[in-house]
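Okay, structure first, notes after.
We did not get these values from a lab; they are worked out from the coordinates using the rules stated. Fair warning: this is a prediction, and the values are worked out from it, not measured in the lab. Every residue, glycine as well, gets a Cβ built from its backbone with ideal geometry; the counts of neighbours run over all protein chains shown.
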Amino acid sequence: MTKPKIAFQGELGAYSHIAINEIFKDADIKTCSTFEETFKIAHEDESFKIVIPLENSLAGRVADIHYLLPKYKLQIHGEHFQVVEHNLIAKLDAEMKDIKFVRSHAQAIGQCQKIIMEKGYKTIISADTAGSAKELADSKDKSIAAIASKLSAKIYKLKILKENVEDEKGNVTRFLIMGKSVQQPEFEKNKKYITTCTFRLKSEPSALYKSLGGFATNQINMTKLESFSVRNTFAQTNFYLDFEGHLDDKPVQSAMEELGFHTQSLDILGVYEASKFREK
């Protein structure tokens, strides 16, 4: 059986890499330096899928993703919720008393302030968590530690000095599995689905209020609604919307028809089964 081809942004050992391992178990993985490069690969090669972080329970939405979704118009095939556990990792010959500096992505640094302040570590900002582990592996300085995943420590042959150094538990990132082809599951009444779309409203008073009225009257639960500016202008705004339901369900069709009356553009990004994580 042919392995699925999956691309993600970051280095091996990133939380995106961990998510891919949980989703696909065995995949042909390609790393990318930017999110744009990742989207472009799937846009140009239909054999590739990508796994992209959309939002984090502590840090909010991931920068750039909302602009790339309408630009490349890839289809969402599924979602995955990944628990993020940060670890303090160091050179194999280093001990806790040796550490004076800690390097990682800015968000990881911000999520691990308790141990950083307690130990008086100076911080070094890196492009991503796994990248900080890779940089540490290439260094001979045992006074530097990295905040990254257990998988990073394993890949780059580093030692975990302390596990779970994040300030708050319940740090979860929502990932989207995306590809160029449309993969819409058949509607079954006993299953839960998420539909995702982006839209731009007509320039008229109360357009947002009126556009969403159909979701209220048809008792459809919206799980995410977020605005993001159109590039190079403040005059127009795009919206990203997740809601519970399938396009083949009549109440959803009625709500989407109402939404369409009040929009300049409306793009369906995918219909997919809701993750079991949502039931927790």
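Observations, loosely collected:
- Separation between Cα centres of region 149-186 and region 52-95, rounded to whole Å: 7 Å
- Seen from a random direction on average, the alpha-carbon convex hull of region 1-155 projects onto 9.8 square nanometres.
- Counting only residues at least eight positions apart within a chain, or on another chain, the aspartates and glutamates with an alpha carbon under 18 Å from that of LYS40 are GLU11, ASP28, ASP64.
- Applying the Karplus relation 6.51 cos²θ - 1.76 cosθ + 1.60 with θ = phi - 60° to region 191-207 yields 3J(HN,Hα) values of 10, 9, 10, 10, 10, 10, 8, 10, 8, 10, 7, 5, 7, 8, x, 6, 4 Hz, where x marks Gly and Pro.
- Positive end of the dipole of the chain (Cβ unit charges, origin at the Cα centre): among ILE194, ALA255, LEU68, the Cα lying farthest that way belongs to LEU68.
- Net charge dipole size for the chain [Lys, Arg +1 and Asp, Glu -1 on Cβ; Debye, nearest 20]: 660 debye
- Taking the DSSP bridge list for the chain and keeping only pairs wholly inside it, about 75 percent are antiparallel.
- Label-point separation, MET222 to SER265 (7 Å along Cα→Cβ), nm: 2.0 nm
- Per DSSP, loop chymotrypsin sites (Phe, Trp or Tyr not before Pro) in region 109-213 with at most 16 further Cβ within 10 Å: PHE187
- Space enclosed by the convex hull of the alpha-carbon atoms of the chain, per residue, Å³: 150 Å³
- Sites matching GluC sites (Glu not before Pro) across region 117-204 that sit in DSSP coil, with at most 14 neighbouring C-beta atoms within 10 Å: GLU163, GLU168, GLU186, GLU188
- In summary, the aspartates and glutamates within cross-link reach of LYS250, defined as a Cα separation below 15 angstrom excluding same-chain residues under 8 places away, comprise GLU186, GLU188, GLU258.
- Residue of PRO205, PRO70, PRO185 that the Gaussian network model of the chain assigns the largest fluctuation, springs spanning Cα pairs under 10 Å: PRO205
- Between region 103-127 and region 1-35, the C-alpha centres lie 26 angstrom from each other.
- P(r) tail fraction, region 193-279 - alpha-carbon pairs more than 23 Å apart, %: 21 percent
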